[in-house]
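Structure, as structure tokens:
The values are calculated or read from the model by the stated rules, or taken from the named source; none is laboratory data. Note that the structure is a prediction, hence the values are computed from the model and not measured. Counting neighbours? That spans all protein chains shown, and the Cβs are built from the backbone with ideal geometry, glycine included. To get the accessible areas, we keep the full protein, side chains included, count just its heavy atoms, and leave off ligands, DNA and RNA. Shrake-Rupley method; radii C 1.70, N 1.55, O 1.52, S 1.80 Å.
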Amino acid sequence: WRTRTVTAFNDPIRGDAVAALGDVTGATTLKRLRDEMMAHPDGKRVLIDRPIVSKDTIPVEEFMQEGKRILAEDPNVVASINGHLHGNKMQADDITFGQAYGIFLASHDYDPDERAEVRYVEDEELAYVMLRYRQCHDYWHALTGLPPTVLGELGLKWLELFQTGLPIAALSSTVGSLRLNAAERRILTDQYLPWAHEQSSGMTTGLMNVYYENEFDTPLADLRARINIQPAPKV
């Protein structure tokens with residue numbers, strides 16, 4: 001794992017290396033996250049059920065096909081459901097969380113099965129907490145409207161850092177910013193970072209305590225309102 005550590009510092013967007021480093025640096029934080037989940041009814045149910053995000057456990061293909069259908073009918077849907085285009089025929093009230101997730105997967109041709117496994121966390125329950133953190137990443141893209149660009153990923157990593165305190169989120173959000181040009185750094189520091197801090201501070205439910213698989217049929221606007229999170233600002 002030492003080689004992966006060096007690679008992660010050199011390229012904090014590199015998923016496999018960052019995942020390996022995350023496994024070996026977050027034990028104390030994982031215990032705290034586990035305790036926080038156990039103290040929340042939905043978080044506790046997640047720990048009991050241990051849902052897995054994969055093509056074998058959720059209807060990924062159906063979500064993607066539905067996402068493609070919606071995108072074909074309304075190419076502006078991503079902007080409108082994230083509050084960046086008013087007056088469009090589809091808004092966040094008209095889209096379920098599952099549809100928003102499908103739109104994200106279809107827009108970027110993502111495969112949830114590609115998330116790295118947890119290899120270096122010995123405690124089974126803590127290993128699941130780390131896995132859950134990784135596998136919820138695309139859910140959080142759909143929830144926040146952040147794109148999977150370097151800048152968008154860093155905005156999400158700052159939100160993850162404020163929410164979880166995981167060292168790997170700190171690495172990605174801080175070292176990763178060094179890859180940005182001056183204009184991108186201004187967007188990160190002036191818009192995404194304050195947004196991430198404000199959202200994390202005001203949430204009524206932590207991101208790790210949402211049982212997302214039970215929310216696929218929930219209108220996106222309703223889920224955001226219940227968690228008390230606003231989509232990321234337009235940049």
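Considering only the range 171-186, how many residues are surrounded by fewer than 21 Cβ atoms within 10 Å (Cβ to Cβ) and either touching a residue at least 40 places away in the same chain (Cβ under 8 Å) or over 18 Å from L146 (Cβ atoms) (or both)?
Counting residues in the range 171-186 that are surrounded by fewer than 21 Cβ atoms within 10 Å (Cβ to Cβ) and either touching a residue at least 40 places away in the same chain (Cβ under 8 Å) or over 18 Å from L146 (Cβ atoms) (or both) gives 7.
Against the definition (among the basic types (K, R) and open to solvent by less than 50 Å² (accessible area, probe 1.4 Å)), how does R224 come out, yes or no?
yes
Applying the selection to the range 187-220, what residues are over 17 Å from the mean Cα position of the chain (by Cα) and closer than 26 Å to I58 by Cα?
D217, T218, P219, listed by residue number.
Answer yes if at least one residue in the range 26-48 is of a type in the set (G, A, S), within 26 Å of T205 (Cβ to Cβ), over 17 Å from the mean Cα position of the chain (by Cα) and part of a helix (DSSP H, G or I), and no otherwise.
There is at least one residue in the range 26-48 that is of a type in the set (G, A, S), within 26 Å of T205 (Cβ to Cβ), over 17 Å from the mean Cα position of the chain (by Cα) and part of a helix (DSSP H, G or I).
Here's the yes/no breakdown for (1) under 16 Å from I227 (Cα atoms); (2) open to solvent by less than 30 Å² (accessible area, probe 1.4 Å):
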site: D138; (1), (2): no, yes
site: L143; (1), (2): yes, yes
site: T189; (1), (2): no, no
site: G206; (1), (2): yes, yes
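Output the helices (runs of 4 or more DSSP H) that fall wholly within the range 51-144 and possess 1 or more residues being more than 19 Å from Y212 (Cβ to Cβ), or say none.
60-73, 77-81, 124-135
Assess whether N76 counts as being exposed (fewer than 15 other Cβ atoms within 10 Å of the Cβ), at pLDDT below 95 and either among the polar types (S, T, N, Q) or over 27 Å from M203 (Cα atoms) (or both).
Considered against the rule, which asks whether it is exposed (fewer than 15 other Cβ atoms within 10 Å of the Cβ), at pLDDT below 95 and either among the polar types (S, T, N, Q) or over 27 Å from M203 (Cα atoms) (or both), N76 comes out as yes.
Looking at the range 98-131, which of its residues are among the aliphatic types (A, V, I, L, M) and closer than 23 Å to G43 by Cβ?
The answer is A100, A116, V118, V121, L126, A127, V129, M130, L131.
Keeping to the range 201-221, report how many residues are part of a helix (DSSP H, G or I) and polar (S, T, N, Q).
Total satisfying the criteria: 3.
Looking at (1) surrounded by fewer than 16 Cβ atoms within 10 Å (Cβ to Cβ); (2) modelled with pLDDT under 95, can you tell me which one A92 breaks?
Exception for A92: condition (1).
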